[in-house]
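Just below is one structure, and these are the notes that go with it.
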Amino acid sequence: MAIQAATPKGTPRGATIGGQYIPPSHTDRSIGSTIAGIAFEHPSRTRWFIAFGISFLMTGWLVIALVWLFYWGVGVWGNNIPVGWALDIVSYDWWMGNACGALMVSALLLLLRQYWRGALNRAAETTAVLCAAAAGVYPIIHLGRPWFFYWNLPYPNNLLLWPQFRSPLVWDAFDIISFLIVAVLFWYVGMLPDLATLRDRASRRIQKQMYGIAALGWRGSAMHWARWLQAYRILAILGVLQAVCVQVGASVMYAGTVEPGWHDTLLPFLFIVTAALSGLGMVAVLVSVIRYLYPVETLITRAHLDILGRLILAVGLLATYCYAADFFFTALGGDVYERAGMMRRFTGTYAWSWWLIVIAALLPIHLLWFRGIRRSAFMLFVIGFLMMAGVWGDHFMTLVTPQHHDFLPSSQAFYTTSFWAVTTFLGTVGLFSMLVLLVIRYVPIASIVESRLLARQQQETTQHA
């Protein structure tokens, strides 16, 4: 399948940042062969099976942890009064932040017509969908009575029993369902032309049938291209709005309280920025893993890594500004409770979570000022992993520190996590990793359409130069 006269109008042309994104030797056919060959021939089988085996074992432990949880109740996590929201909600918010950040970045790059994103968008959109799937484990299991999860949904019923719409649990259910719908549609619609390419290149009957069903009858006509591009951009707009609404909704829920550390109008913007930071960090990790597992260095090039590093640096600096503003606003605001809460972040029992943010998320990003660091897949993997760990510390600090010490000394209590809470979170990491490995095994790991467009733009730029 070729993209003939259906090149979208308004496609940007010009020089790239950091050099050629795709080597000049690549043609439409070679790009399709490289990406389709990974789905059909499955190179690096040994590495893939080792990684899949580890992820499968971690997912198996998640099942054991959930059975234990359902038998004994949520008390096995160490949650108490007043720290009712602990590692379960920390993990849920962290997964949803990664999903929102990855989807928002991919959708914004599409709306801004940055077609170099073709090497990174599949990783970003896959991250968004599967992080939301991992987050979806928590809204049900932390209910205490998970078999009544449908009480959170406004389903028609004869007894006129409706959910409590002021409950955060209801909005968690709305968030995860609506986000999953938009993220899956954005991911799937973007893959339609690539699935048709795999259908046309498949040699086995079963592969041709499966990819043919998934391609929904795509034939590459001008009408198909026009409707596909329109639908893709509409879903991108919805994706940005959905990601912003999810993060703002959660942060406003905290900011609407009077708890020291939560009652802050900076929280909505900070949640969006940290979501973008952790989402970019996970995309950097996934892209580095894909480059390690598969021979795609000519499609996911060092120029792509370079601009991904620039994005991470820009968002990291914005996050640093937000944390600095939070400190100065609290220090100069005159509220003794807010200042005491800030000091507990720095020196209290949970001070490790604040210093994890500084050491893992805010300091390593400055390595990205150097071009050699930005163009190194290994260094991006390390920095991305550290950023995700730092943002996880931010969610822990934001949730646990204000809860354990509020206005009344009589209601203060420390929270200590448990083996089962930690391993449940590690089990969701295994679930995410297993699903990622399955996705990159059977679907195009980079956009064939946008990679071809980018190669043509570079060739035209070279000819006119």
Query raised in the report: residue 379 passes all but one of (1) in contact (Cβ under 8 Å) with a residue 40 or more places away in the chain; (2) under 27 Å from residue 24 (Cα atoms); which number fails?
Result: (1)
Report task. Please determine, by comparing only the residues of region 161-202 that are of a type in the set (D, E, K, R), in contact (Cβ under 8 Å) with a residue 40 or more places away in the chain and more than 30 Å from residue 30 (Cβ to Cβ), which one is surrounded by the fewest Cβ atoms within 10 Å (Cβ to Cβ). Result -> 175
Query raised in the report: Would you pick out the residues in region 1-58 that are modelled with pLDDT of 75 or more and among the β-branched types (Val, Ile, Thr)?
Result: 22, 27, 31, 34, 35, 38, 46, 50, 54
**Report entry** Top-ranked residue in region 264-317 [being assigned to a helix (DSSP H, G or I) and among the aromatic types (Phe, Trp, Tyr); ranked as surrounded by the most Cβ atoms within 10 Å (Cβ to Cβ)]
**Finding:** 271
Query raised in the report: Of the residues 230, 247, which is part of a helix (DSSP H, G or I) and without any contact (Cβ under 8 Å) to a residue 24 or more places away in the chain?
Result: 230
**Report entry** region 70-84, subset of a type outside the set (Phe, Trp, Tyr) and surrounded by fewer than 16 Cβ atoms within 10 Å (Cβ to Cβ), residue farthest from the chain's Cα centre (by Cα)
**Finding:** 81
**Report entry** Restricting region 85-108 to residues that are under 11 Å from the mean Cα position of the chain (by Cα) and among the polar types (S, T, N, Q), the residue that is farthest from residue 418 (Cα to Cα)
**Finding:** 106
Report task. Have a look at 219, 233 and point out the one that is at pLDDT 85 or above, more than 24 Å from the chain's Cα centre (by Cα) and basic (Lys, Arg). Result -> 219
Query raised in the report: Does any residue of region 179-199 turn out to be in contact with a helix residue (DSSP H, G or I) (Cβ under 6 Å, 6 or more places away or on another chain) and within 30 Å of residue 326 (Cα to Cα)?
Result: yes
Requested in this report: Within region 252-263, work out how many residues are small (Gly, Ala, Ser) and either assigned to a loop (DSSP other than H, G, I, E, B) or modelled with pLDDT of 85 or more (or both).
Outcome: 2
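The values are calculated or read from the model by the stated rules, or taken from the named source; none is laboratory data. Bear in mind that the values here come from a model prediction, so they are computed numbers and not experimental data. In this analysis, Cβ positions are derived from the backbone assuming ideal geometry, glycine residues included, and neighbour counts consider all displayed protein chains.
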